[in-house]
1. Can you tell me how many residues within segment 73-97 are surrounded by 18 or more Cβ atoms within 10 Å (Cβ to Cβ), away from the ligand (no atom under 15 Å from the Cβ) and touching a residue at least 40 places away in the same chain (Cβ under 8 Å)?
2. Can you tell me how many residues in segment 72-88 are in contact with a Gly (Cβ under 9 Å, 6 or more places away or on another chain) and hydrophobic (A, V, I, L, M, F, W, C)?
3. Considering only segment 98-107, how many residues are surrounded by fewer than 14 Cβ atoms within 10 Å (Cβ to Cβ), among the small types (Gly, Ala, Ser) and not in a loop (DSSP other than H, G, I, E, B)?
4. Determine the pairs where a residue that is closer than 17 Å to Phe75 by Cβ, located within segment 33-58, has a partner that is of a type in the set (D, E, K, R) and loosely packed, with under 12 Cβ neighbours inside 10 Å with Cβ atoms under 7 Å apart, the partner being 6 or more residues away or on another chain.
5. Taking only segment 94-109 into account, find how many residues are out of contact with any Leu (no Cβ under 7 Å at 6 or more places or on another chain) and of a type outside the set (Asp, Glu).
6. So which residues in segment 47-97 are closer than 13 Å to Ser107 by Cα, β-branched (Val, Ile, Thr) and in a loop (DSSP other than H, G, I, E, B)?
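None of the figures in this text is laboratory data; all of them are computed from the coordinates on show. Bear in mind the structure is a predicted one, so any value in this text is a computation, not a measurement. Virtual Cβ from ideal backbone geometry, glycine too; neighbours counted across all protein chains shown.
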Amino acid sequence: MNRHVIGRLIAAAAITVTGVAVAPAPASAAVGLQVWFDANKSGQYRNIQGSISNFDGYNDVVSSVVANGSAWCLFEHKDFGGRQLRVTKGQYIANLTNVGFNDIASSAKRC
Ligand SMILES: [Ca+2]
């Protein structure tokens, strides 16, 4: 392989890397409220698109969240009852323990 060909290969590799870098990450494409069962975006995941009056199947387990598109409110009880935690638009809370809301959320809606 001569030097010229190697140069072209390096240029092609650089273009490929650039292409990957500018592609949207899956997280940035998300809409709604993203919730994970564990801290730091780990464990099972749900993407909430609208008002959910009852976290059926994931009640009292949410430990990290990202609010996309608007602010979202988490509620302690189903049907938007009990204590409320407002997550501002774009905010990522890596560990809901830090805001006194770990394994508590039972419903959510935009707010
Ligand atoms: Ca609850």
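1. Selection size over segment 73-97: 1.
2. Here the count works out to 3.
3. The qualifying residues number 0.
4. Ser53/Asp79
5. Summing the residues that are out of contact with any Leu (no Cβ under 7 Å at 6 or more places or on another chain) and of a type outside the set (Asp, Glu) in segment 94-109 gives 10.
6. Selection gives Val61, Val62.
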